[in-house]
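The values are calculated or read from the model by the stated rules, or taken from the named source; none is laboratory data. On a predicted model such as this, the values are computed, not experimentally measured, just so you know. A quick note on method: Cβ atoms are made from the backbone with ideal geometry, for glycine too, and the neighbour counts reach across all protein chains shown. The area values use the complete protein model at the heavy-atom level, side chains included, leaving out ligands, DNA and RNA. Shrake-Rupley method; radii C 1.70, N 1.55, O 1.52, S 1.80 Å.
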Amino acid sequence: MGFCGALSTWSTFSLELLSMADARRTARPGGYLLATVALGLALSFAGGAAAQALW
């Protein structure tokens, strides 16, 4: 958990992006990156709003 969990998640994410890019696909890795970052940010803000509403 913590740092090690984040490190393994990041390495898996980067491996998936690189494997898509090696397959000479440009739209798929770009879309995956954009969707992952956008969804992560949206869920982060939603979690913060939920915590603030409950606290």
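Things to note:
- Applying the condition of being assigned to a helix (DSSP H, G or I) and either modelled with pLDDT of 85 or more or surrounded by fewer than 10 Cβ atoms within 10 Å (Cβ to Cβ) (or both) to the range 24-35 and asking which residue is farthest from the chain's Cα centre (by Cα) yields ALA27.
- Residue count for the range 6-15, restricted to those that are of a type outside the set (Ser, Thr, Tyr) and either open to solvent by 70 Å² or more (accessible area, probe 1.4 Å) or not in a helix (DSSP H, G or I) (or both): 3
- Unique match (being surrounded by 10 or more Cβ atoms within 10 Å (Cβ to Cβ), touching a helix residue (DSSP H, G or I) at 6+ places or on another chain (Cβ under 6 Å) and assigned to a helix (DSSP H, G or I)) among ALA38, ALA46, ALA21, ALA50: ALA21
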